[in-house]
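Colleague: Shown below is the structure under consideration.
The values are calculated or read from the model by the stated rules, or taken from the named source; none is laboratory data. Owing to the predicted nature of the structure, the values given are computational and were not obtained by experimental measurement. A quick note on method: Cβ atoms are made from the backbone with ideal geometry, for glycine too, and the neighbour counts reach across all protein chains shown. Side chains are part of the model used for accessible areas, which takes the heavy atoms of the whole protein and leaves out ligands, DNA and RNA. Shrake-Rupley method; radii C 1.70, N 1.55, O 1.52, S 1.80 Å.
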Amino acid sequence: MPDPIRILIAEDHAVVRDGLAAVLKFEADMAVVGLAKNGLEAVAQFRELKPDVVLMDLAMPELNGAGAILAIRGEFPDARILVLTTYDNDESVFRALENGAKGYLLKDCSTADLLTAIRKISAGGTHVSERAASRLAERAMAGGPLSTREIEVLKWIAEGKSNKEIAALLFISEGTVKTHVLSIHEKLGVSDRTEAVVTAIKRGILKV
């Protein structure tokens, strides 16, 4: 019989963390080898344990899941990480996969779907839930990700700043701000500043 899939669970809520471990212990081909309650612990335990698969939450203290994925993959390019989260906005999905996650599931998924995802990722495959995949498709159709500068401009728009005020804050010309605003509108598929902010919040680009 082949060795079981060695799994590290990174989840800050003890009930969820213990619940996942309890579910996985009944699978003959799986073994939970580590439990981390924040991103820093996840990185440290990965270094020590070298698990086959990491179940990674995104909203964690100390270091969030996206940062932990980036850190782990930076040291271990072949690390296989499955995101398991409540976040289904396109920005969260995009960032997690961009940082190197091999899969993305929502916490309301079925046990069968979770087990399938773990086995696929352990075998070198990928697994993205239908809802997460649809968010990525919507993002692609909307015109692609905002640049770092565009996000900065959008944050100031959300604060109610005018183009002139944003230009002064970012040390760029007012004309450059206008260009960024037009690009933001085009990428988000909106027609005004208010709609841009609302859409960005819904998509997880801006945090409330």
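Colleague: How about Lys155: which lysines have a C-alpha closer than 17 Å to its C-alpha, ignoring those fewer than 8 places off in the same chain?
Modeller: Lys164, Lys178, Lys187, Lys202, Lys207
Colleague: Can you return the lysines within cross-link range of Lys120? Criterion is Cα-Cα under 29 Å, with same-chain partners fewer than 8 residues away left out.
Modeller: Reachable lysines: Lys25, Lys37, Lys50, Lys102, Lys107.
Colleague: Helix 39-49 versus the longest principal axis of the chain: what is the Cα-based angle in degrees, 0 to 90, to the nearest 10?
Modeller: 40
Colleague: Please state the relative contact order of the range 40-106 as a whole percent: Cα pairs under 8 Å, 6+ residues apart?
Modeller: 33
Colleague: Still on this model: Let me check against my output: what whole-number percent is the relative contact order of the chain, with C-alpha pairs under 8 Å and at least 6 apart?
Modeller: Worked out over the chain, it gives 14 percent.
Colleague: Whenever you get a sec, line up His13, His180 from highest to lowest accessible area (probe 1.4 Å, protein heavy atoms).
Modeller: Accessible-area ranking of His13, His180, largest first: His13, His180.
Colleague: Follow-up. For Glu165, what is the net charge nearby, where nearby means another residue's Cβ is under 14 Å from its Cβ and Lys, Arg count +1, Asp, Glu -1?
Modeller: +2
Colleague: Which value results for Rg/Rh of the range 23-164 when Rg is the Cα radius of gyration and Rh the Kirkwood radius based on the inverse mean 1/r?
Modeller: With Rg and the Kirkwood Rh in hand, the quotient comes to 1.03.
Colleague: At a 1.4 Å probe, what is the % contribution of carbon and sulfur to the accessible area of the chain?
Modeller: Whole-percent figure for carbon plus sulfur exposure: 56.
Colleague: Turning to a different aspect of this structure: What accessible area, in Å² to the nearest ten, does a 1.4 Å probe give for Lys50?
Modeller: 100
Colleague: Moving on. Dipole magnitude of the range 1-129 about its Cα centre, charges +1 at Lys/Arg Cβ and -1 at Asp/Glu Cβ only, in debye to the nearest 20?
Modeller: 280
Colleague: Would you grab the residues whose amide H sits under 5 Å from the one on Ala36? Only those 5+ places off in sequence or on another chain, please, with H modelled 1.01 Å from N.
Modeller: Amide H neighbours of Ala36: Ile9, Ala10, Glu11.
Colleague: Considering only DSSP states other than H, G, I, E and B, which trypsin sites (Lys or Arg not before Pro) in the range 5-56 qualify as loop sites with at most 12 other Cβ atoms within 10 Å?
Modeller: Lys25
Colleague: What nm value, rounded to one decimal, do you get for the distance between Ser147 and Asp113 when each label is placed 7 Å out toward the C-beta?
Modeller: Going by the 7 Å Cα→Cβ label model, 3.7 nm.
Colleague: On C-alpha positions alone, give me the angle between the axis of helix 65-75 and the longest principal axis of the chain, in degrees, nearest 10.
Modeller: 70
Colleague: Sticking with this one: Just to confirm, what accessible area per residue do you get for the range 1-51 at 1.4 Å probe, in whole Å²?
Modeller: 54
Colleague: Same structure again: Starting from the amide H of Gly189, placed 1.01 Å from N in the peptide plane, find each other amide H under 5 Å away whose residue is 5 or more places distant or on another chain.
Modeller: Excluding prolines and chain starts, which carry no amide H, there are no hits.
Colleague: Using only the heavy atoms of the protein chains and a 1.4 Å probe, how would Ile172, Ile184 rank by accessible area, largest first?
Modeller: Accessible-area ranking of Ile172, Ile184, largest first: Ile172, Ile184.
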